[in-house]
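The values are calculated or read from the model by the stated rules, or taken from the named source; none is laboratory data. Just so it is clear, the structure is predicted and the values come from calculations on it, not from any experiment. All Cβ positions, even for glycine, are placed from backbone atoms using ideal geometry, and neighbour counts span all protein chains on display.
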Amino acid sequence: MFPQFSRRQLLQSASTGFGYMAFAGLAAEQAHAATNHPLAPKTGHHPARAKRVIFLFMHGGPSQVDTFDYKPALAKYDGGDLPGELAKGTSGGTGRKLMKSPWKFQQHGECGHWMSSLFPHVAKHVDDLCFLSGLHTDGQSHGQAVLQLHTGAQLLTRPSVGSWLVYGLGSENKNLPGFVTICPTRGHGGVLNYGNAFLPAVYQGTSVGSAGTPASSATIKNIVNTDVPPDVQRKQLDFLQSLNATHRKHIGDDHRIDGVMESFELAFRMQSAVPDVCDLAGESTETLKMYGIGEKPTDDFGRQCLMARRFAEAGVRYIQVSHSFKWDQHGNLKQHEKNALEVDQPIAALLEDLKARGLLEDTLVLWGGEFGRTPVAQGKDGRDHNPVGFTMWMAGGGVKSGLTYGETDEFGYFAVKEKMHMHDLHATILWLMGIDHERLTYRYAGRDFRLTDVFGRVATEIFA
Amino acid sequence: MRMTTAGVFTLTLAFSSIPELVAAPPKPSQAVEPGIAFFEAKIRPVLVEQCYSCHSEQSKRGPKGGLRVDTREALLLGGDSGPAVVPKKVTASWLIKALHGDEVSEMPPNGKLPSAVIADFEKWVAMGAPDPRIADKPVARASGIDIAAGQTFWAYQPPRAHPAPVVTQADWPRSDVDRFILHALEAKQLQPSPDADRSTLIRRLTFDLHGLLPTPAEVAAFVADSATDDVALAKVVDRLLASPRFGERWGRHWLDVARYADSNGKDENLTFHEAYLYRDWVIQQFNVDTPYDRFVREQIAGDLLPARDDKQRDAQLTATGFLVIGPKVLADRDLEKRRADVIDEQIDTIGRAFLGQTLGCVRCHDHKFDPIPQSDYYALAGILGSTRTLDRYKLGNPIVAGWMLRPLGGEAGEKQLAVFREYEQQLKELTSQIKSAKAELTRVETATTMRQPGALVGFTVDNTQAKLIGNWKPSTYSSPFVGEGYVHDDKTDKGKKSATFTPKLPRDGEYEVLISFTAGSGRAHNVPVTIQHVNGEKQLILDQTRKPKIDGLFAPIGTFSFAAGTSGSATITTQGTTGYVIVDAVRFVPKGELANVPEAAMGVSEELQKKLAQAAKRVKALEAKQTQLKKSAPKPPQMVMASRDEDVIADAKIHVRGNPHQLGNTVPRGFLQVATADPMPTIPAGQSGRVQLAEWLGSRSNPLTAKVYVNRVWYHLFGEGLVRTVDEFTRQGERPTHPALLDTLAVEFMNHQWSTKQLIRKLVLSRVYRLATRSDATQRSADPENRLLSHAHRRRMEAEVIRDGILQIAGNINFQGGGPVVAHMPERAITNNSDGGVSTEKVTTRSVYLPIIRNELAPILEVFDFADPTTSTGQRDETTVPTQALFLMNNPFIIQQAQVAAHRLLAASSQDAERITLLYQLAYSRQPTSDELTTARGFLAEYQERLASVGSDKAPKNRVAAAWAALCQAVFGSTEFRFIE
């Protein structure tokens, strides 16, 4: 099902698949559907439950015990000592003193899942969510854990989840990249978190804006020519293509020249396709309002979420939205309130919107950070990193809704039941997308590589 | 490549017993000592039945995990995980742990033995593990890898010179290189293509040797040279080899291999402010043609090699930056793992860069394909573990490691560093003194905001003395306050809480009542207060959202008569309130006394005020001292990223399955056995072994070093290596297309003092280098991949050549280069939400001098497949993606350079034909045809027309200049510019 291309063959087919096409009346669909094109849509190993992924990345590490993993014992023993050991690598300022959540918890929905008051909007969708409460990962520091979340590896440069998915499944839109990441963070691995590593470059994630610049101006680099309108540029492009055609004629057959010529045509089409998706002007006032666009705390993340929906509609395979490095409350845990305020309404709106458009059933929405936070206090009012137990949640995409899978201990510290390692999460995401993580391989430097290395267990228990 | 993992776990499959191996244990007789009897009865049968199939001499695929349990000696020696049994030490015996199924290993793999059996094993170990099974031959650490057999693989064979073959077309070759190539062609009845024309050749040569375009004058001179091709070419080659541009081109090739960067990348992307010294050193070595063996040795052990003077010592120190510039996980809290990861990165890079070997996977297990046992990896790890790479810490955070920096300038530099470190220490101490002085000041200041009931005029009842009904929450959040703090109602149980303040008054009289609280918008604005006085009861409403009049803390609510004693009181309740109700203190001040007190001093004792002044003075004095110290700060010496030996030199222990927390046997420091023809050199105790490693790498007897390097050079000149997988001289890699030629070139290279320039000169003056890219159908069908080099490979410009070429066409390139390029960047190059201001679009120096920030490459480099600076790269990717086209169409740098180029053309001539001709000469090193002239002129006219039809706000003012810029930009994007014939 996944022919073993050599790296070289793939690189070549990336530029040869199309052949050269006339400037006008391009048979782009045909070329796209051609099976030897590396981005042509492919079917997976088994029927897919989800066609695309939207990952809402809460960078910094949101606290599970203050959000979705309710632990009454924490309030009961507030100020008392943790009975067991601290996790390895916990930093010096972290003591053994348990600290209760400053937020009130209550049950929501038919499923009766306990949630804190931090996510009142998301709470209304609780029956659409599948909580993964037994997550754990390896790295104690952000850099390690962020890279592991995105690529499965902490130390080595490895392809990211989105790159593997596009490699395995291709893309449904010929004029857009198969993998976009909206306002990605620059630190903690930066581009490596959406990089293709040893996979061919066609599978790399394309960034739309970057963290630290407003989402309202986020777009793909070099997508717009600010000097001349498209029809003038077309004139120039026609001339450029005539130079290339002359060169090609002169030197004889070289598929690489064809590849370059086709890449210019695709780029020209992307120039109009990408801004169309990024431009929210066509959205109704109600929609903008629902996402909190125009309102101070929610505007930025609301725009990102709405763009994500638009990319999803346009057939992009893997879409990431980043809330860049906000959730790292070593002190002043109260800051979680501000963080939640920024994302809660936009996330709820995204779920609502996807559902209303019938997209939620085949879109896998994933929410979470690189790790969670300790139930014990760091300093007077903070929590340290907690890679040994934390919560993420999924929605849509063929997962059981209203389910809580996995458990941490009575204080919400260590994952103890139905544990899910980062590799297991990756294996499960791939499975939901129709891919067997053990069979999606790529040969590089004499070895067949996988997203999950030699690990990974598919959590079939969460499948609807 | 690494597998730290269960997947490669090897101690498996023991349960199915193989009947013929189960020998009946001899019956214990009287003569047998009790320990042996116990062994025979309880231990041996279990070993035979449960373990022998995988862990004995009979094991079909060699003992798993290197462990045998069929002799006493083998058990004591153990396997990958170290000794299996330590007599009398139950807890130290790995076998016992495995039987218990600890977290790393469970034996037997398919089910735990009954606890009684495990207890027998523990008892047996405690007895001293009596065991009569004496081996008839010594047990060696089994690895299953046959080194001697491995050495027969072509890559591990020392190169030897071969006589040049005899060829039929004797007049074609210019050198032996050509004879080897032609011989292979003739064997396939293939003809070499004709030579390329001179303008093509000079473009190719200038690209290969300088990474630049030839100037029109250089092209013209070469084309017009009346000398023979051989002579004319030699002149050009010698000119190119002598130019400093040569080192910039070839230095960059090495920087790819050395994964050079100006920042760390990885988890903490910190700036390498000193890395440029290594980059400049590399460029310099290529320009002065340092023998490659020395070039290798200095990068591994330059700090330890003898130097004639400080200058040489500095250069050699700089060379060892090779070991330090790798990307590292700096903030790993697992320090053992952090150390092991740094060593791993170094071993992996050394393996690829110098030897064309993949050593990363040997961290966890013996190599799957190549004859490299895990012990070889840890032999190298001992050397690098005895070398200091990480040093001190960064970001003021002990969790974030720094890296080894050493001063330049010999002993003077060392001294200067000592003085500077002393100053840093003083500054650190002073800073810490200032910090504590400031803390003291803050403490005193806080105390002054804490009004002391005793120091206040009148009679003060603090909240601690009040009668509180209901649950009041103590707080010190909002200062100032009276006493140690205040309480508030937490906005709960409204109407059910009260606080009554009852003063003990010495005499009857009129008292002013002051209620203390701090105001805030969240407070209640309608707090009910009841005063019990001589004449009855008075109800008042207090607004706690408004700042109290006196000192911001005390709100006067009226004057009342009170009798002596405790009959009077003030009661605060929460009835009818919604905001927070604050209860701090109530003062009863005899009428008139308040007027005599200065407001600011209220409640602050004289002693405290004195303390305040003292604390402030101390802070000021220390800060002055700090200013003074900083003024006289000594200049730090120029530091460089460099290695040094560790204080403690030690052999490494095997990390079982790559886990630094599970240690196996100790391995003596050493090198790859398969690439060591002579006896393994010994490493003296007390030395890291880097000197010996350097000698081993840069040695004539190393079968890999010269071959790998000669092949890299060939690859850069011909577009494909003689071994096409330039980083993989392994079983998984490709075999050489011309093995005898590769061998001969390697030997001659070593014979010519490992001179890169001589090697390049020989290759580019060969006939095969001159071939045109044109091929005919016969050639293509007989050899579709052109492995035999019947014609030249068409090559694509690398990212930096595209950029430099564009700057050349624009007449804008700046050949001044070298020196620091990231001096302006902070300690952390890139943060999560900022690119650190590493803009490169306005810079016009050669690309080799652009800052190389890991994870944030200059856009043009990123887009055009620049080497990933996080890993050693011998061969760059060559991709064609639309982001490249978008870059060429829309990037501001491209547009701007096109405008500069247009300006140059317009200034060069008033004739369009001449301008177009100049552009073709600059970009393509040739004249345009008349058709091309016509097309270009047509475009200029049409483009201007199209511009004229655009609305005024978008259209550029100078349409002529805009059209020329559009023409130049099209040429930048064209394939003829970006491909080399």
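Please go through region B:857-911 and give me each residue that is touching a strand residue (DSSP E or B) at 6+ places or on another chain (Cβ under 8 Å) and either away from every other protein chain (no Cβ under 11 Å) or in contact (Cβ under 8 Å) with a residue 40 or more places away in the chain (or both), ordered by number. B:GLU878 - this is the single residue of region B:857-911 that is touching a strand residue (DSSP E or B) at 6+ places or on another chain (Cβ under 8 Å) and either away from every other protein chain (no Cβ under 11 Å) or in contact (Cβ under 8 Å) with a residue 40 or more places away in the chain (or both). For region B:239-270, taking the residues that are within 14 Å of chain A (Cβ to nearest Cβ) and among the acidic types (Asp, Glu), the one that is farthest from A:GLY139 (Cα to Cα) is identified as B:GLU268.
Considering only region B:629-644, state which residues are outside any loop (DSSP other than H, G, I, E, B) and farther than 12 Å from B:GLN426 by Cα. Scanning region B:629-644 gives B:LYS631, B:MET639, B:VAL640, B:MET641, B:ARG644. Just one of the listed residues (A:GLY294, A:GLY209) is surrounded by 22 or more Cβ atoms within 10 Å (Cβ to Cβ) and on the phi > 0 side of the Ramachandran plot, and it is A:GLY209.
List the helices (runs of 4 or more DSSP H) that sit entirely inside region B:321-429 and contain at least 1 residues that are within 11 Å of another protein chain (Cβ to nearest Cβ) and touching a residue at least 12 places away in the same chain (Cβ under 8 Å).
Numbers: elements: B:321-324, B:335-350, B:374-385.
Answer list for region B:321-429: B:335-350.
Tallying residues that are surrounded by fewer than 15 Cβ atoms within 10 Å (Cβ to Cβ) and part of a loop (DSSP other than H, G, I, E, B) within region B:69-118 yields 10. Evaluating A:HIS437 against the criteria (1) assigned to a loop (DSSP other than H, G, I, E, B); (2) at pLDDT 95 or above; (3) more than 20 Å from the chain's Cα centre (by Cα) leaves one unmet condition, (3). Take the conditions (1) within 18 Å of the chain's Cα centre (by Cα); (2) away from chain B (no Cβ under 14 Å); (3) under 30 Å from A:VAL454 (Cβ atoms); (4) buried (at least 24 other Cβ atoms within 10 Å of the Cβ); A:GLY170 misses just one of them, which is (4).
Number of residues in region B:507-528 that are of a type in the set (Asp, Glu) and in a loop (DSSP other than H, G, I, E, B): the value is 1. Only residues that are of a type in the set (S, T, N, Q) and surrounded by 15 or more Cβ atoms within 10 Å (Cβ to Cβ) were counted across region B:414-448, and they come to 3. Listed conditions (1) touching a residue at least 12 places away in the same chain (Cβ under 8 Å); (2) facing chain B (nearest Cβ under 8 Å) are all met by A:VAL228, apart from (1). Checking each residue in region A:205-221 for being farther than 21 Å from A:THR298 by Cβ and not polar (S, T, N, Q) picks out A:GLY205, A:ILE220, A:LYS221. Looking only at residues of region B:304-320 that are buried (at least 24 other Cβ atoms within 10 Å of the Cβ) and not hydrophobic (A, V, I, L, M, F, W, C), we find that the one that is farthest from the other protein chains (Cβ to nearest Cβ) is B:THR318.
A quick yes/no check of all residues on (1) in a loop (DSSP other than H, G, I, E, B); (2) in contact with a Leu (Cβ under 7 Å, 6 or more places away or on another chain); (3) away from chain A (no Cβ under 14 Å):
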site	(1), (2), (3)
B:THR773	yes, no, no
B:GLN779	no, yes, no
B:GLU785	yes, no, no
B:LEU788	yes, yes, yes
B:HIS791	yes, yes, no
B:ILE802	no, no, no
B:GLN808	no, yes, yes
B:PRO820	yes, no, yes
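Filtered by the rule that a residue be crowded, with 18+ Cβ neighbours inside 10 Å and within 25 Å of A:LEU39 (Cα to Cα), region A:220-235 gives A:ILE220, A:LYS221, A:ASN222, A:ILE223. Across region A:432-446, the number of residues qualifying as at the interface with another protein chain (Cβ under 10 Å from one of its Cβ atoms) and either surrounded by fewer than 17 Cβ atoms within 10 Å (Cβ to Cβ) or in contact (Cβ under 8 Å) with a residue 24 or more places away in the chain (or both) comes to 3. Once region A:231-257 is narrowed to residues that are more than 22 Å from B:ALA936 (Cα to Cα) and in a helix (DSSP H, G or I), the residue that is farthest from the other protein chains (Cβ to nearest Cβ) is A:HIS255. For region A:258-277, the condition holds for no residue, the condition being that it is touching an Asp or Glu at 6+ places or on another chain (Cβ under 9 Å), in a helix (DSSP H, G or I) and within 8 Å of another protein chain (Cβ to nearest Cβ). As for region A:244-251, it holds no residue that is free of Cβ contacts under 8 Å to residues at least 60 places away in the same chain, in contact with a helix residue (DSSP H, G or I) (Cβ under 6 Å, 6 or more places away or on another chain) and buried (at least 24 other Cβ atoms within 10 Å of the Cβ). Residue count for region A:116-160 under the criterion of being out of contact with any helix residue (DSSP H, G or I) (no Cβ under 6 Å at 6 or more places or on another chain), outside any helix (DSSP H, G or I), within 13 Å of chain B (Cβ to nearest Cβ) and of a type in the set (A, V, I, L, M): the result is 2.
Does A:PHE2 fit the bill of being within 30 Å of A:MET433 (Cα to Cα), buried (at least 22 other Cβ atoms within 10 Å of the Cβ), at pLDDT below 80 and not small (Gly, Ala, Ser)? Taking the combined requirement at face value, the residue does not satisfy it.
Does A:GLY44 qualify as being at pLDDT below 95 and either within 21 Å of the chain's Cα centre (by Cα) or at positive phi (or both)? Can you show your working first?
On the way: at pLDDT below 95: yes; either within 21 Å of the chain's Cα centre (by Cα) or at positive phi (or both): yes.
Yes.
Is there a residue being in a helix (DSSP H, G or I), within 22 Å of B:ILE830 (Cβ to Cβ) and facing chain B (nearest Cβ under 9 Å) anywhere in region A:218-225? It would help to see each step written out before you state the result.
Start the filter on region A:218-225 by keeping residues that are in a helix (DSSP H, G or I), which leaves none.
The answer is no; no qualifying residue exists.
Just give me the residues in region B:661-697 being at pLDDT 90 or above, farther than 24 Å from B:GLY356 by Cα, in a loop (DSSP other than H, G, I, E, B) and touching an Asp or Glu at 6+ places or on another chain (Cβ under 8 Å), in sequence order. Residue satisfying the conditions is B:GLN687 alone.
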